Amino acid sequence: MHYQELLEKLRQAFPQPVSDPVHDGYVVFSILRALDQVDALKSQAPILGVPTEPNYEQARKERVDEQGRVLEAVIPELVRYLQGMFIWGHPRSQINVVPNPSIASIIGVLLPLTYNPNLCSDEGGRRFSEAEVRATAMAADLVGYDPALAGGVFTFGGTGGLLYGVKVGLEKAVPGSSRGGLKEGAVILASQQSHYSCLNVASWLGIGQDNVISVPTHLDNSIQIPALEQAAREALSAGRKIAAIVATMGSTDAFGIDDLRSISTLRNRLAEEFSLVYLPHIHADAVIGWAWSVFNDYDFTQNPLGFRGRTVRALAAAQHDIQHLRLADSIGIDFHKTGYTPYISSLVLFRDGRDFDRIARSRETMPYLYQSGTCHPGMYTLETTRSGMGPMAALANLMMFGKQGYRTLLGHAVEMAEVLREMIESHPNLTVLNGENVGAVTLFRAYPDGVDTFSVKARERSEAGYRKLLLAHNEYNRQIFQRVHAEALAGAGVAISLTNCYRQTDFGDPIVALKSYVLSPFSDENRMQSIVKHVLSAREAVDRGEGAKAAP
Ligand SMILES: *Cc1c(COP(=O)(O)O)cnc(C)c1O
(Lines give C-alpha, C1' and ligand atoms only; values in the text may rest on other atoms or scores of the structure.)
Protein backbone atom coordinates (compact mmCIF):
# COMPACT_ATOMS: atom_id res chain seq x y z
CA MET A 1 0.00 0.00 0.00
CA HIS A 2 1.26 3.46 -0.84
CA TYR A 3 2.10 5.43 2.26
CA GLN A 4 -0.32 8.18 1.23
CA GLU A 5 -3.19 5.73 1.65
CA LEU A 6 -1.89 4.66 5.06
CA LEU A 7 -1.42 8.26 6.05
CA GLU A 8 -5.02 9.05 5.20
CA LYS A 9 -6.13 6.35 7.68
CA LEU A 10 -3.72 7.49 10.34
CA ARG A 11 -5.06 11.01 10.13
CA GLN A 12 -8.27 9.60 11.58
CA ALA A 13 -6.26 8.45 14.58
CA PHE A 14 -5.81 12.05 15.76
CA PRO A 15 -8.30 14.66 16.94
CA GLN A 16 -8.95 16.82 13.88
CA PRO A 17 -7.16 20.17 13.70
CA VAL A 18 -10.09 21.96 12.07
CA SER A 19 -13.70 21.75 13.12
CA ASP A 20 -15.19 18.34 12.40
CA PRO A 21 -18.05 17.65 14.83
CA VAL A 22 -18.62 14.18 13.41
CA HIS A 23 -15.04 13.21 14.10
CA ASP A 24 -15.24 14.84 17.57
CA GLY A 25 -18.14 12.46 18.16
CA TYR A 26 -15.83 9.58 17.22
CA VAL A 27 -13.17 10.80 19.68
CA VAL A 28 -15.61 11.17 22.55
CA PHE A 29 -17.32 7.90 21.74
CA SER A 30 -13.98 6.12 21.77
CA ILE A 31 -13.34 7.44 25.28
CA LEU A 32 -16.85 6.34 26.22
CA ARG A 33 -16.13 2.87 24.87
CA ALA A 34 -13.13 2.63 27.17
CA LEU A 35 -15.15 3.87 30.16
CA ASP A 36 -17.90 1.39 29.33
CA GLN A 37 -15.42 -1.46 29.39
CA VAL A 38 -14.07 -0.22 32.72
CA ASP A 39 -17.61 -0.11 34.10
CA ALA A 40 -17.96 -3.82 33.40
CA LEU A 41 -15.11 -4.40 35.86
CA LYS A 42 -16.90 -2.80 38.81
CA SER A 43 -18.39 -4.82 41.68
CA GLN A 44 -18.80 -4.39 45.45
CA ALA A 45 -15.07 -4.93 45.88
CA PRO A 46 -12.70 -1.96 46.12
CA ILE A 47 -10.84 -3.13 43.02
CA LEU A 48 -11.66 -3.33 39.33
CA GLY A 49 -12.22 -6.83 37.96
CA VAL A 50 -10.66 -9.68 39.89
CA PRO A 51 -7.41 -9.55 41.91
CA THR A 52 -4.74 -9.88 39.23
CA GLU A 53 -1.01 -9.84 39.77
CA PRO A 54 1.20 -8.16 37.12
CA ASN A 55 2.67 -10.68 34.68
CA TYR A 56 6.15 -9.32 34.12
CA GLU A 57 7.41 -12.44 32.41
CA GLN A 58 4.81 -12.13 29.69
CA ALA A 59 5.36 -8.37 29.47
CA ARG A 60 9.05 -8.83 28.75
CA LYS A 61 8.24 -11.12 25.84
CA GLU A 62 6.15 -8.52 24.00
CA ARG A 63 7.44 -6.92 20.77
CA VAL A 64 6.22 -4.32 18.30
CA ASP A 65 4.07 -5.78 15.52
CA GLU A 66 4.72 -5.06 11.88
CA GLN A 67 1.15 -3.96 11.30
CA GLY A 68 -0.71 -1.70 13.69
CA ARG A 69 -4.26 -2.30 14.88
CA VAL A 70 -7.42 -0.27 14.74
CA LEU A 71 -8.31 1.91 17.72
CA GLU A 72 -11.26 -0.33 18.60
CA ALA A 73 -8.83 -3.22 19.05
CA VAL A 74 -6.36 -1.20 21.10
CA ILE A 75 -8.93 0.10 23.61
CA PRO A 76 -9.70 -3.29 25.23
CA GLU A 77 -5.96 -4.01 25.37
CA LEU A 78 -5.50 -0.77 27.32
CA VAL A 79 -8.50 -1.35 29.58
CA ARG A 80 -7.01 -4.75 30.48
CA TYR A 81 -4.46 -2.89 32.59
CA LEU A 82 -7.19 -1.80 34.97
CA GLN A 83 -7.77 -5.42 36.02
CA GLY A 84 -7.05 -5.62 39.75
CA MET A 85 -6.57 -1.86 40.07
CA PHE A 86 -7.66 -0.32 43.36
CA ILE A 87 -10.60 2.06 43.28
CA TRP A 88 -9.22 4.68 45.64
CA GLY A 89 -12.57 6.44 45.94
CA HIS A 90 -14.35 3.24 47.01
CA PRO A 91 -15.76 3.44 50.54
CA ARG A 92 -14.04 0.10 51.18
CA SER A 93 -10.65 1.50 50.20
CA GLN A 94 -8.52 3.13 52.94
CA ILE A 95 -5.06 2.14 51.89
CA ASN A 96 -2.85 5.18 51.65
CA VAL A 97 -2.76 8.89 51.00
CA VAL A 98 -4.10 8.46 47.47
CA PRO A 99 -7.20 10.42 46.54
CA ASN A 100 -9.83 9.80 43.90
CA PRO A 101 -9.68 12.59 41.32
CA SER A 102 -12.75 14.83 40.88
CA ILE A 103 -14.49 15.26 37.53
CA ALA A 104 -13.32 18.87 37.26
CA SER A 105 -9.69 17.85 37.76
CA ILE A 106 -10.02 15.05 35.19
CA ILE A 107 -11.31 17.57 32.64
CA GLY A 108 -8.56 19.93 33.75
CA VAL A 109 -6.06 17.25 32.78
CA LEU A 110 -7.85 16.23 29.59
CA LEU A 111 -7.51 19.64 27.96
CA PRO A 112 -3.73 20.04 28.20
CA LEU A 113 -3.49 16.33 27.42
CA THR A 114 -5.13 17.04 24.09
CA TYR A 115 -3.53 20.36 23.19
CA ASN A 116 -0.12 19.77 24.74
CA PRO A 117 1.04 23.08 26.16
CA ASN A 118 4.61 23.23 27.44
CA LEU A 119 5.02 25.27 30.61
CA CYS A 120 8.71 25.73 29.90
CA SER A 121 7.72 29.12 28.52
CA ASP A 122 4.55 30.91 27.54
CA GLU A 123 5.88 30.61 23.99
CA GLY A 124 4.47 27.11 24.05
CA GLY A 125 2.34 27.24 27.16
CA ARG A 126 0.25 30.25 26.14
CA ARG A 127 -2.55 30.76 28.64
CA PHE A 128 -1.76 27.50 30.40
CA SER A 129 1.25 29.43 31.71
CA GLU A 130 -1.22 31.91 33.11
CA ALA A 131 -3.12 29.03 34.72
CA GLU A 132 0.08 28.03 36.52
CA VAL A 133 0.52 31.58 37.81
CA ARG A 134 -3.11 31.65 38.92
CA ALA A 135 -3.00 28.32 40.75
CA THR A 136 0.27 29.41 42.37
CA ALA A 137 -1.23 32.71 43.59
CA MET A 138 -4.31 30.96 44.97
CA ALA A 139 -2.20 28.40 46.83
CA ALA A 140 0.17 31.09 48.11
CA ASP A 141 -2.73 33.02 49.58
CA LEU A 142 -4.16 29.85 51.10
CA VAL A 143 -0.99 29.04 53.05
CA GLY A 144 -0.51 32.64 54.16
CA TYR A 145 2.19 33.84 51.76
CA ASP A 146 1.94 37.24 50.09
CA PRO A 147 0.88 36.19 46.56
CA ALA A 148 2.47 39.33 45.10
CA LEU A 149 5.87 38.30 46.39
CA ALA A 150 5.61 34.51 46.24
CA GLY A 151 6.53 32.38 43.24
CA GLY A 152 6.09 28.74 42.37
CA VAL A 153 6.23 26.03 39.75
CA PHE A 154 4.52 22.71 39.35
CA THR A 155 6.95 19.84 39.38
CA PHE A 156 7.25 16.06 39.41
CA GLY A 157 5.99 15.37 42.91
CA GLY A 158 6.62 16.24 46.53
CA THR A 159 10.09 14.84 45.95
CA GLY A 160 10.57 17.43 43.19
CA GLY A 161 9.35 20.17 45.52
CA LEU A 162 11.87 19.13 48.15
CA LEU A 163 14.60 19.06 45.49
CA TYR A 164 13.83 22.66 44.54
CA GLY A 165 13.72 23.79 48.17
CA VAL A 166 17.03 22.19 49.08
CA LYS A 167 18.66 23.27 45.80
CA VAL A 168 17.84 26.91 46.52
CA GLY A 169 18.93 26.45 50.14
CA LEU A 170 22.21 24.97 48.96
CA GLU A 171 22.83 27.96 46.72
CA LYS A 172 22.17 30.26 49.69
CA ALA A 173 24.55 28.32 51.95
CA VAL A 174 27.25 27.60 49.37
CA PRO A 175 26.83 30.30 46.73
CA GLY A 176 28.06 29.42 43.28
CA SER A 177 27.75 25.67 43.76
CA SER A 178 25.45 25.44 40.73
CA ARG A 179 28.27 26.65 38.51
CA GLY A 180 31.39 25.54 40.29
CA GLY A 181 30.17 22.32 41.86
CA LEU A 182 29.83 21.57 45.54
CA LYS A 183 33.23 22.34 47.03
CA GLU A 184 32.13 22.44 50.66
CA GLY A 185 30.19 19.88 52.62
CA ALA A 186 26.61 20.73 53.48
CA VAL A 187 23.95 19.11 55.62
CA ILE A 188 20.20 18.71 55.62
CA LEU A 189 18.44 18.60 58.98
CA ALA A 190 15.18 16.67 59.13
CA SER A 191 13.29 14.56 61.64
CA GLN A 192 13.36 10.80 61.92
CA GLN A 193 9.77 10.78 60.69
CA SER A 194 10.58 12.86 57.61
CA HIS A 195 10.04 11.32 54.19
CA TYR A 196 12.85 9.29 52.62
CA SER A 197 12.88 11.77 49.75
CA CYS A 198 15.24 13.85 51.94
CA LEU A 199 17.78 11.09 51.38
CA ASN A 200 16.96 10.96 47.69
CA VAL A 201 17.40 14.68 47.28
CA ALA A 202 20.67 14.67 49.22
CA SER A 203 21.94 11.95 46.93
CA TRP A 204 20.85 13.63 43.68
CA LEU A 205 22.18 17.05 44.69
CA GLY A 206 25.59 15.69 45.62
CA ILE A 207 25.12 16.55 49.29
CA GLY A 208 25.21 12.86 50.13
CA GLN A 209 22.75 10.73 52.05
CA ASP A 210 25.17 10.50 54.97
CA ASN A 211 24.83 14.25 55.40
CA VAL A 212 21.13 14.11 56.15
CA ILE A 213 21.04 14.54 59.91
CA SER A 214 18.14 12.64 61.36
CA VAL A 215 16.69 14.35 64.43
CA PRO A 216 14.64 12.38 66.99
CA THR A 217 10.91 13.01 67.33
CA HIS A 218 8.45 13.25 70.19
CA LEU A 219 5.82 10.57 70.64
CA ASP A 220 3.50 12.78 68.56
CA ASN A 221 5.99 12.27 65.72
CA SER A 222 7.05 15.92 65.60
CA ILE A 223 10.71 16.94 65.64
CA GLN A 224 12.32 17.50 69.06
CA ILE A 225 13.35 21.16 68.95
CA PRO A 226 16.16 20.86 71.55
CA ALA A 227 17.59 17.92 69.58
CA LEU A 228 17.34 19.95 66.38
CA GLU A 229 19.16 22.80 68.07
CA GLN A 230 21.90 20.49 69.23
CA ALA A 231 22.32 18.96 65.78
CA ALA A 232 22.40 22.39 64.12
CA ARG A 233 24.93 23.67 66.64
CA GLU A 234 27.19 20.68 66.09
CA ALA A 235 27.07 21.15 62.33
CA LEU A 236 27.72 24.89 62.50
CA SER A 237 30.47 24.53 65.09
CA ALA A 238 32.18 22.06 62.79
CA GLY A 239 32.02 24.71 60.05
CA ARG A 240 29.47 22.84 57.98
CA LYS A 241 26.88 24.65 55.92
CA ILE A 242 23.16 24.03 56.40
CA ALA A 243 21.57 23.52 52.97
CA ALA A 244 18.13 23.22 54.50
CA ILE A 245 16.10 22.45 57.55
CA VAL A 246 13.15 20.34 56.46
CA ALA A 247 9.98 20.73 58.52
CA THR A 248 7.65 17.79 58.00
CA MET A 249 4.13 19.18 58.03
CA GLY A 250 2.07 16.01 58.04
CA SER A 251 4.25 12.89 58.07
CA THR A 252 3.41 10.07 55.69
CA ASP A 253 2.31 7.36 58.11
CA ALA A 254 1.17 9.15 61.25
CA PHE A 255 0.39 12.78 60.24
CA GLY A 256 2.96 14.17 62.67
CA ILE A 257 3.40 17.93 62.28
CA ASP A 258 6.60 19.79 63.19
CA ASP A 259 6.58 22.98 65.23
CA LEU A 260 7.49 25.31 62.38
CA ARG A 261 7.31 28.43 64.52
CA SER A 262 9.95 27.14 66.91
CA ILE A 263 12.08 25.92 64.00
CA SER A 264 11.95 29.38 62.46
CA THR A 265 12.82 31.12 65.73
CA LEU A 266 15.67 28.68 66.32
CA ARG A 267 17.02 29.23 62.80
CA ASN A 268 17.03 33.02 63.26
CA ARG A 269 18.68 32.79 66.65
CA LEU A 270 21.47 30.48 65.49
CA ALA A 271 22.11 32.55 62.35
CA GLU A 272 22.70 35.55 64.55
CA GLU A 273 24.74 33.75 67.16
CA PHE A 274 27.03 32.15 64.55
CA SER A 275 27.10 35.36 62.47
CA LEU A 276 26.11 33.40 59.38
CA VAL A 277 26.24 35.33 56.11
CA TYR A 278 23.24 33.31 54.92
CA LEU A 279 19.95 32.41 56.56
CA PRO A 280 19.61 28.61 56.53
CA HIS A 281 16.69 27.72 54.27
CA ILE A 282 13.56 26.19 55.79
CA HIS A 283 11.58 23.92 53.47
CA ALA A 284 8.17 22.85 54.71
CA ASP A 285 7.37 19.38 53.40
CA ALA A 286 3.62 20.03 53.57
CA VAL A 287 2.65 17.75 50.70
CA ILE A 288 -0.01 16.23 52.95
CA GLY A 289 -0.66 18.95 55.54
CA TRP A 290 -1.06 22.01 53.26
CA ALA A 291 -4.75 21.32 52.69
CA TRP A 292 -5.56 22.00 56.37
CA SER A 293 -4.83 25.68 55.52
CA VAL A 294 -8.45 25.93 54.42
CA PHE A 295 -9.30 25.89 58.13
CA ASN A 296 -7.19 29.02 58.80
CA ASP A 297 -10.36 31.08 58.63
CA TYR A 298 -12.85 28.50 59.88
CA ASP A 299 -14.82 29.50 62.95
CA PHE A 300 -14.20 26.49 65.19
CA THR A 301 -16.35 27.96 67.97
CA GLN A 302 -19.46 28.39 65.85
CA ASN A 303 -18.55 25.27 63.81
CA PRO A 304 -21.01 26.15 61.00
CA LEU A 305 -20.36 22.85 59.16
CA GLY A 306 -21.57 20.91 62.18
CA PHE A 307 -18.60 18.61 62.74
CA ARG A 308 -18.68 16.54 65.92
CA GLY A 309 -16.74 17.65 68.99
CA ARG A 310 -13.92 15.14 68.45
CA THR A 311 -13.58 16.22 64.84
CA VAL A 312 -13.52 19.93 65.65
CA ARG A 313 -10.79 19.26 68.20
CA ALA A 314 -8.72 17.32 65.65
CA LEU A 315 -9.16 19.88 62.88
CA ALA A 316 -8.35 22.80 65.18
CA ALA A 317 -5.26 21.05 66.53
CA ALA A 318 -3.91 20.43 63.02
CA GLN A 319 -4.71 23.98 61.92
CA HIS A 320 -2.94 25.32 64.99
CA ASP A 321 0.34 23.95 63.57
CA ILE A 322 -0.37 24.33 59.86
CA GLN A 323 -1.09 28.07 60.23
CA HIS A 324 2.65 28.64 60.58
CA LEU A 325 3.42 27.48 57.04
CA ARG A 326 3.93 31.13 56.09
CA LEU A 327 7.18 31.10 58.11
CA ALA A 328 8.84 28.59 55.75
CA ASP A 329 11.01 29.80 52.87
CA SER A 330 9.53 27.18 50.58
CA ILE A 331 6.62 24.78 50.76
CA GLY A 332 5.87 21.53 48.96
CA ILE A 333 2.19 21.05 48.13
CA ASP A 334 0.75 17.89 46.60
CA PHE A 335 -2.66 18.46 45.11
CA HIS A 336 -2.43 14.80 44.15
CA LYS A 337 -2.51 13.79 47.80
CA THR A 338 -4.97 15.79 49.87
CA GLY A 339 -6.24 17.92 46.96
CA TYR A 340 -8.17 15.22 45.05
CA THR A 341 -6.44 15.61 41.67
CA PRO A 342 -4.89 12.98 39.42
CA TYR A 343 -1.13 12.40 39.45
CA ILE A 344 0.97 14.50 38.99
CA SER A 345 -0.05 17.80 40.49
CA SER A 346 2.66 19.11 42.82
CA LEU A 347 3.52 22.71 43.49
CA VAL A 348 6.65 24.08 45.08
CA LEU A 349 6.08 27.57 46.47
CA PHE A 350 8.73 30.07 47.53
CA ARG A 351 7.79 32.86 49.91
CA ASP A 352 10.05 35.09 47.83
CA GLY A 353 9.75 34.23 44.14
CA ARG A 354 13.12 35.92 43.52
CA ASP A 355 14.71 32.86 45.11
CA PHE A 356 14.41 31.24 41.67
CA ASP A 357 17.01 33.70 40.35
CA ARG A 358 19.58 31.86 42.42
CA ILE A 359 19.22 28.75 40.32
CA ALA A 360 18.54 30.32 36.91
CA ARG A 361 20.72 29.46 33.93
CA SER A 362 21.83 32.05 31.45
CA ARG A 363 19.76 32.53 28.33
CA GLU A 364 22.70 31.69 26.01
CA THR A 365 22.64 28.08 27.21
CA MET A 366 19.17 27.58 25.72
CA PRO A 367 19.40 29.08 22.23
CA TYR A 368 16.27 27.50 20.79
CA LEU A 369 13.98 28.82 23.51
CA TYR A 370 12.52 32.13 24.64
CA GLN A 371 12.28 33.95 21.32
CA SER A 372 8.99 35.45 22.42
CA GLY A 373 6.72 35.72 25.42
CA THR A 374 7.44 37.03 28.90
CA CYS A 375 7.14 34.09 31.27
CA HIS A 376 10.00 31.58 31.06
CA PRO A 377 10.08 29.25 34.09
CA GLY A 378 12.29 26.97 31.98
CA MET A 379 15.18 29.26 32.82
CA TYR A 380 15.24 27.87 36.36
CA THR A 381 13.25 24.64 36.35
CA LEU A 382 14.99 21.27 36.47
CA GLU A 383 12.62 19.99 33.84
CA THR A 384 12.69 21.38 30.32
CA THR A 385 9.28 20.20 29.18
CA ARG A 386 6.55 20.52 31.80
CA SER A 387 2.98 19.55 31.10
CA GLY A 388 0.00 21.76 31.85
CA MET A 389 -1.78 18.96 33.66
CA GLY A 390 -0.63 19.75 37.21
CA PRO A 391 -1.78 23.37 37.34
CA MET A 392 -4.99 22.71 35.42
CA ALA A 393 -5.99 19.88 37.74
CA ALA A 394 -5.21 22.01 40.79
CA LEU A 395 -7.01 25.04 39.42
CA ALA A 396 -10.07 22.96 38.56
CA ASN A 397 -10.41 21.73 42.13
CA LEU A 398 -9.57 25.05 43.79
CA MET A 399 -12.36 26.62 41.75
CA MET A 400 -14.87 23.82 42.10
CA PHE A 401 -14.45 23.09 45.81
CA GLY A 402 -13.47 26.48 47.17
CA LYS A 403 -12.42 26.52 50.83
CA GLN A 404 -15.83 25.27 51.90
CA GLY A 405 -15.62 22.20 49.66
CA TYR A 406 -12.16 21.30 50.90
CA ARG A 407 -13.25 21.82 54.50
CA THR A 408 -16.10 19.43 53.89
CA LEU A 409 -13.97 16.74 52.22
CA LEU A 410 -11.16 16.89 54.77
CA GLY A 411 -13.55 17.36 57.67
CA HIS A 412 -15.41 14.22 56.65
CA ALA A 413 -12.19 12.23 56.29
CA VAL A 414 -11.08 13.31 59.77
CA GLU A 415 -14.56 12.65 61.17
CA MET A 416 -14.43 9.07 59.84
CA ALA A 417 -10.95 8.62 61.34
CA GLU A 418 -12.29 9.87 64.67
CA VAL A 419 -15.23 7.45 64.47
CA LEU A 420 -12.76 4.62 63.89
CA ARG A 421 -10.57 5.74 66.77
CA GLU A 422 -13.51 5.85 69.13
CA MET A 423 -14.44 2.27 68.21
CA ILE A 424 -10.85 1.05 68.50
CA GLU A 425 -10.39 2.73 71.87
CA SER A 426 -13.51 1.08 73.24
CA HIS A 427 -12.22 -2.40 72.42
CA PRO A 428 -9.90 -4.11 74.93
CA ASN A 429 -7.85 -5.93 72.27
CA LEU A 430 -7.18 -2.95 70.04
CA THR A 431 -5.24 0.25 70.51
CA VAL A 432 -4.55 3.42 68.51
CA LEU A 433 -0.85 4.22 68.06
CA ASN A 434 -0.96 7.75 66.71
CA GLY A 435 -3.59 9.03 69.13
CA GLU A 436 -1.71 12.32 69.45
CA ASN A 437 -1.91 12.94 65.71
CA VAL A 438 -5.02 14.49 64.31
CA GLY A 439 -5.37 13.69 60.62
CA ALA A 440 -7.26 11.27 58.43
CA VAL A 441 -4.88 8.40 59.11
CA THR A 442 -5.21 5.98 62.00
CA LEU A 443 -2.41 3.62 62.99
CA PHE A 444 -3.47 0.83 65.30
CA ARG A 445 -2.56 -2.59 66.57
CA ALA A 446 -4.39 -5.67 67.75
CA TYR A 447 -3.15 -7.81 70.65
CA PRO A 448 -3.81 -11.30 71.91
CA ASP A 449 -6.07 -11.83 74.93
CA GLY A 450 -4.48 -10.99 78.23
CA VAL A 451 -2.36 -8.10 76.94
CA ASP A 452 -3.07 -4.83 78.71
CA THR A 453 -3.47 -2.51 75.72
CA PHE A 454 -3.20 0.56 77.95
CA SER A 455 0.36 -0.10 79.04
CA VAL A 456 1.65 -2.32 76.26
CA LYS A 457 2.57 0.51 73.89
CA ALA A 458 4.91 2.20 76.33
CA ARG A 459 6.46 -1.10 77.38
CA GLU A 460 7.07 -2.19 73.79
CA ARG A 461 8.67 1.12 73.08
CA SER A 462 11.04 1.38 76.00
CA GLU A 463 11.42 -1.85 78.00
CA ALA A 464 14.34 -4.03 77.01
CA GLY A 465 12.59 -7.10 78.41
CA TYR A 466 9.74 -6.52 76.00
CA ARG A 467 11.66 -6.73 72.72
CA LYS A 468 10.77 -10.33 71.98
CA LEU A 469 7.10 -9.67 72.61
CA LEU A 470 7.21 -6.56 70.43
CA LEU A 471 8.52 -8.58 67.52
CA ALA A 472 5.92 -11.30 68.17
CA HIS A 473 3.17 -8.67 68.18
CA ASN A 474 4.58 -7.25 64.94
CA GLU A 475 4.17 -10.66 63.35
CA TYR A 476 0.71 -11.04 64.90
CA ASN A 477 -0.45 -7.84 63.24
CA ARG A 478 1.14 -8.81 59.93
CA GLN A 479 -0.88 -12.00 59.93
CA ILE A 480 -4.05 -10.11 60.77
CA PHE A 481 -3.34 -7.74 57.92
CA GLN A 482 -2.86 -10.62 55.45
CA ARG A 483 -6.32 -11.97 56.25
CA VAL A 484 -8.07 -8.60 56.25
CA HIS A 485 -6.40 -7.74 52.96
CA ALA A 486 -7.40 -10.98 51.27
CA GLU A 487 -11.00 -10.57 52.46
CA ALA A 488 -11.12 -6.99 51.20
CA LEU A 489 -9.93 -7.97 47.74
CA ALA A 490 -12.68 -10.57 47.69
CA GLY A 491 -15.23 -7.83 48.40
CA ALA A 492 -15.75 -8.20 52.16
CA GLY A 493 -14.62 -5.61 54.66
CA VAL A 494 -12.33 -2.70 53.95
CA ALA A 495 -8.93 -2.60 52.25
CA ILE A 496 -6.56 -1.08 54.81
CA SER A 497 -2.79 -1.26 54.72
CA LEU A 498 0.17 -2.12 56.88
CA THR A 499 3.23 -0.09 57.68
CA ASN A 500 6.35 -2.03 58.62
CA CYS A 501 7.69 0.76 60.77
CA TYR A 502 5.56 3.71 61.75
CA ARG A 503 8.36 4.58 64.17
CA GLN A 504 11.16 2.80 66.00
CA THR A 505 11.37 1.70 69.60
CA ASP A 506 14.07 3.12 71.86
CA PHE A 507 16.17 0.15 70.74
CA GLY A 508 15.72 0.78 67.03
CA ASP A 509 13.23 -2.02 66.43
CA PRO A 510 10.41 -1.29 64.01
CA ILE A 511 6.85 -0.96 65.27
CA VAL A 512 4.43 -2.48 62.77
CA ALA A 513 1.00 -0.90 62.50
CA LEU A 514 -2.29 -1.49 60.74
CA LYS A 515 -3.18 1.66 58.85
CA SER A 516 -6.48 3.17 57.75
CA TYR A 517 -6.15 6.23 55.53
CA VAL A 518 -9.53 7.80 54.86
CA LEU A 519 -9.79 10.18 51.92
CA SER A 520 -12.80 8.92 50.00
CA PRO A 521 -15.85 11.16 50.28
CA PHE A 522 -17.85 7.92 49.93
CA SER A 523 -16.61 6.53 53.25
CA ASP A 524 -19.22 6.20 55.97
CA GLU A 525 -19.62 5.01 59.55
CA ASN A 526 -20.71 1.52 58.56
CA ARG A 527 -17.43 0.96 56.74
CA MET A 528 -15.46 2.16 59.75
CA GLN A 529 -17.40 -0.33 61.86
CA SER A 530 -16.64 -3.01 59.34
CA ILE A 531 -12.87 -2.42 59.72
CA VAL A 532 -13.10 -3.19 63.42
CA LYS A 533 -15.28 -6.23 62.80
CA HIS A 534 -12.92 -7.71 60.20
CA VAL A 535 -9.78 -6.99 62.19
CA LEU A 536 -11.31 -8.68 65.24
CA SER A 537 -12.39 -11.76 63.34
CA ALA A 538 -9.00 -11.98 61.64
CA ARG A 539 -7.46 -11.72 65.09
CA GLU A 540 -9.51 -14.68 66.26
CA ALA A 541 -8.44 -16.68 63.21
CA VAL A 542 -4.80 -15.89 63.96
CA ASP A 543 -5.35 -16.96 67.58
CA ARG A 544 -6.68 -20.27 66.25
CA GLY A 545 -3.46 -20.67 64.30
CA GLU A 546 -5.04 -19.95 60.94
CA GLY A 547 -2.98 -16.82 60.41
CA ALA A 548 -0.78 -18.09 57.63
CA LYS A 549 -3.73 -19.26 55.57
CA ALA A 550 -5.49 -16.69 53.47
CA ALA A 551 -9.14 -16.17 54.24
CA PRO A 552 -11.58 -18.38 52.34
C1 LIG B 1 4.40 11.46 49.62
C2 LIG B 1 5.38 12.26 50.36
C3 LIG B 1 6.50 12.81 49.73
C4 LIG B 1 6.83 12.50 48.31
O5 LIG B 1 5.88 13.11 47.46
P6 LIG B 1 5.64 12.55 45.98
O7 LIG B 1 4.56 13.43 45.45
O8 LIG B 1 5.21 11.12 46.13
O9 LIG B 1 6.93 12.69 45.26
C10 LIG B 1 7.32 13.65 50.46
N11 LIG B 1 7.06 13.91 51.76
C12 LIG B 1 6.00 13.40 52.40
C13 LIG B 1 5.76 13.75 53.84
C14 LIG B 1 5.13 12.54 51.73
O15 LIG B 1 4.09 11.99 52.37
Quiz item: Roughly speaking, what % of Cα-Cα pairs in the chain are separated by over 45 Å, rounded to a whole number?
Solution: 21
Exercise. Could you work out the local net charge near ILE87, counting Lys and Arg as +1, Asp and Glu as -1, over the other residues with Cβ closer than 13 Å to its Cβ?
Key: +1
Quiz prompt | Long pairs among LYS167/LYS337; LYS183/LYS337; LYS457/LYS533; LYS167/LYS457, criterion Cα-Cα beyond 31 Å | solution = LYS183/LYS337; LYS167/LYS457
Quiz item: For the chain, with the dipole built from +1 on Lys and Arg beta-carbon atoms and -1 on Asp and Glu ones, taken about the Cα centre, which of LEU443, PHE274, GLN319 lies farthest toward the positive end?
Solution: PHE274
Self-check item: Estimated 222 nm signal from helices in the chain, with DSSP H stretches of n ≥ 4 weighted -39500 (n - 2.57), rounded to 500
Solution: -13500 deg cm²/dmol
Quiz item: Using r as the Cβ-Cβ distance of GLU8 and SER455, and R0 as 56 Å, what FRET efficiency do you calculate, to the nearest 0.05?
Solution: 0.15
Practice problem: Tell me the Kirkwood hydrodynamic radius of region 3-85 in angstroms, computed as one over the mean inverse distance between distinct C-alpha pairs. | Solution: 15.4
Quiz item: Rule-of-thumb check for region 421-492: C-alpha Rg over 2.2 N^0.38 Å?
Solution: 1.19
Practice problem: Would you work out which of VAL215, TYR370, ILE344 lies farthest towards the positive end of the dipole of the chain? Charges go on Cβ: Lys and Arg +1, Asp and Glu -1. | Solution: VAL215
Quiz item: Using alpha carbon centroids, what distance separates region 1-28 and region 306-360, in Å?
Solution: 44
Quiz item: Over the Cα atoms of region 6-142, how large are the radius of gyration and the largest Cα-Cα distance (Dmax), in Å?
Solution: 19.2, 54
Quiz item: If you place +1 on the Cβ of every Lys and Arg, -1 on the Cβ of every Asp and Glu, and leave all else neutral, what size is the dipole of the chain about its Cα centre, to the nearest 20 Debye?
Solution: 380
Practice problem: Sum up the charges of everything whose Cβ sits under 12 Å from the Cβ of ASN434, counting Lys and Arg as +1 and Asp and Glu as -1, but leave ASN434 out. | Solution: +2
Quiz item: Tell me, what is the per residue accessible area of the chain in Å², probe radius 1.4 Å?
Solution: 48
Quiz item: Going toward the positive end of the dipole of the chain, with +1 on Lys and Arg Cβ and -1 on Asp and Glu Cβ, which of SER426, GLY181, ALA254 do you reach last?
Solution: GLY181
Quiz item: For a paramagnetic label modelled at 7 Å from the Cα of ASP297 toward its Cβ, which residues of region 125-157 fall within the zone defined by backbone nitrogen distances under 19 Å?
Solution: 134-150
Practice problem: Measure off, as a whole percent, the carbon and sulfur share of the 1.4 Å-probe accessible area of the chain, all protein chains present. | Solution: 55
Quiz prompt | Size of charge dipole - region 3-85 - debye, nearest 20, with Cβ of Lys, Arg +1 and Asp, Glu -1, no other charges | solution = 200
Quiz item: How big is the gap, in Å, between the Cα center of region 166-181 and the Cα center of region 212-288?
Solution: 19
Quiz item: Counting Lys +1, Arg +1, Asp -1, Glu -1, what net charge surrounds PHE350 among other residues with beta carbon under 15 Å of its beta carbon?
Solution: -3
Exercise. At 1.4 Å probe size, with no ligands or nucleic acids counted, give the accessible surface of HIS412 in Å², nearest ten.
Key: 50
Practice problem: Compare ASP65, ASP299, ASP509 by solvent-accessible area with a 1.4 Å probe and give them largest first, with all protein chains kept in place. | Solution: ASP65, ASP299, ASP509
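The values are calculated or read from the model by the stated rules, or taken from the named source; none is laboratory data. Quick caveat: nothing in here was measured; it's all calculated off a predicted structure. A quick note on method: Cβ atoms are made from the backbone with ideal geometry, for glycine too, and the neighbour counts reach across all protein chains shown. Protein only, heavy atoms only, side chains kept; ligands, DNA and RNA dropped before computing areas. Shrake-Rupley method; radii C 1.70, N 1.55, O 1.52, S 1.80 Å.
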